[in-house]
Amino acid sequence: MAKRILLTLAGYDPSAGAGVLLDLKVFESLGFRGMAVLTSITAQNSRSVQEVRCLPPDFVWTQYQILAREFSFSGLKVGMICSSANLEIIQKILKANPNIVKVIDPIFIASAGPWLLEKEAVSAFLEKIEGQATLLTPNLEEASLLTGIKIKSQEDLKAASRKIFIDSHVPCLLKGGHRQGPKIDLLFDGQKFHSFQHPEIKKKVHGSGCFLSSAILAYLTQGKKLTVACSQAIDLTHQALKKAVKVGKGQHYINFPL
Ligand code: PLP
């Protein structure tokens, strides 16, 4: 039987540590066929991002349209968007897919340093995707930029994930891994908070957010409840991060097969 298809709309990291190349590996390892629409191309290695080029929005749309004309997607993930113009196209694609699982991983700044989204797009972000996804997965820095809340305490985590839900009408899994103290990811599903604690990983691993959001999408598409999908994807990510290796001289990379 043909495998079901998951689509990622994200950027290209030629070192395959993050972006569409990583998303596709996660989709395939969890039993799906992966397809990818590129929003952008980066020039980077494990140490630094040298240059970022956003693809023209009409070309992002063309890549999507020709796929959508032929294939039907069971789930969709948004990663690096790159430009305000591409955010408009992403909004159009989300609206064209009202009935499937959709996970949005806001990617604003690479862990290696540079911005991966035009700064003007940050303030429009939640409004553009309002009500159009199953889950948002910001990290601490992205959640701060989206809400204006400086996140230090557990109460700040709650306030930020609730505010993201109020402003977007999309449940929010706020990844708290970079906070001092216990490593807690906090889900606000619109009604309740669910907290997921995991041990600290001391390594700096490239692409961990891409990995987590792709795994959540796969589990949700398998029919798992939001809390179960988040919990299992957080566990899988933790296992993958534990086994991550140094491929070059910079950040660690996730190893496949897992
Ligand atoms: N997606 C793409 C295409 C990237 O190039 C990057 C980082 O450079 C990321 C996502 C995020 O990666 P990281 O987890 O290292 O911040």
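Laboratory data are not the source of any read-out in this text; all were calculated from the coordinates shown. None of the values given here were measured: they were computed from a predicted structure. Here Cβ is always computed from backbone atoms with ideal geometry, including for glycine, and neighbour counts include all displayed protein chains.
Other residues with beta-carbon under 9 Å from the beta-carbon of Lys203 carry, at +1 per Lys or Arg and -1 per Asp or Glu, a net charge of +4.
Each part gets one Cα centre, and for the range 1-32 versus the range 154-169 those centres are 29 Å apart. In a fully extended conformation the segment linking Val228 and Lys3 would gain 78.8 nm over its present Cα-Cα distance, using 0.36 nm per residue. Among the trypsin sites (Lys or Arg not before Pro) in the range 15-86, those located in a DSSP loop and surrounded by at most 16 other Cβ atoms within 10 Å of their own Cβ are Arg47. Computed from the Kirkwood radius of its Cα pairs, the Stokes-Einstein diffusion coefficient for the chain at 4 °C and 1.567 mPa s stands at 72 µm²/s. For the chain, the list of Cys residues with no other Cys C-beta under 4.7 Å reads Cys172, Cys210, Cys230. Shown here for the range 80-166: trypsin sites (Lys or Arg not before Pro) in loop regions (DSSP other than H, G, I, E, B) with at most 16 other Cβ atoms within 10 Å, namely Lys119, Lys150, Lys152.
In the range 1-130 the Cα-Cα distances spread across 10 Å bins starting at 0 as 13, 46, 34, 8, 0 percent of all pairs. Between the C-alpha center of the range 92-108 and that of the range 171-210 there is a gap of 21 Å. Number of Lys-Lys pairs in the range 27-151 with C-alpha atoms under 21 Å apart and a separation of 8 or more places or on different chains: 11.
Residue order for Val60, Val103, fewest other beta carbons within 10 angstrom first, comes to Val60, Val103. Taking a ≥ b ≥ c as the square roots of the eigenvalues of the Cα gyration tensor, the range 143-248 is classed as oblate, since a/c reaches at least 1.5 and a/b does not exceed b/c. Close amide H partners of Met80, meaning residues 5 or more places away or on another chain with modelled amide H under 5 Å apart, are Gly11. A simple spin-label model places pseudo-atoms 7 Å from Cα toward Cβ; at Glu88 and Ser111 they are separated by 3.4 nm.
Dipole of the chain computed with +1 at Lys/Arg Cβ and -1 at Asp/Glu Cβ about the Cα centre; of Ser208, Ala16, His238, farthest Cα towards the positive end is His238. From largest to smallest, the equivalent ellipsoid semi-axes obtained for the range 25-84 from the alpha-carbon gyration tensor read 23, 18, 8 Å. When shorter helices are ignored and each DSSP H run of at least 4 residues is given -39500 (n - 2.57), the per-residue value for the chain at 222 nm works out to -12000 deg cm²/dmol.
Between Gln239 and Phe59, the simple label model (points 7 Å from Cα in the Cβ direction) yields a spacing of 3.9 nm.
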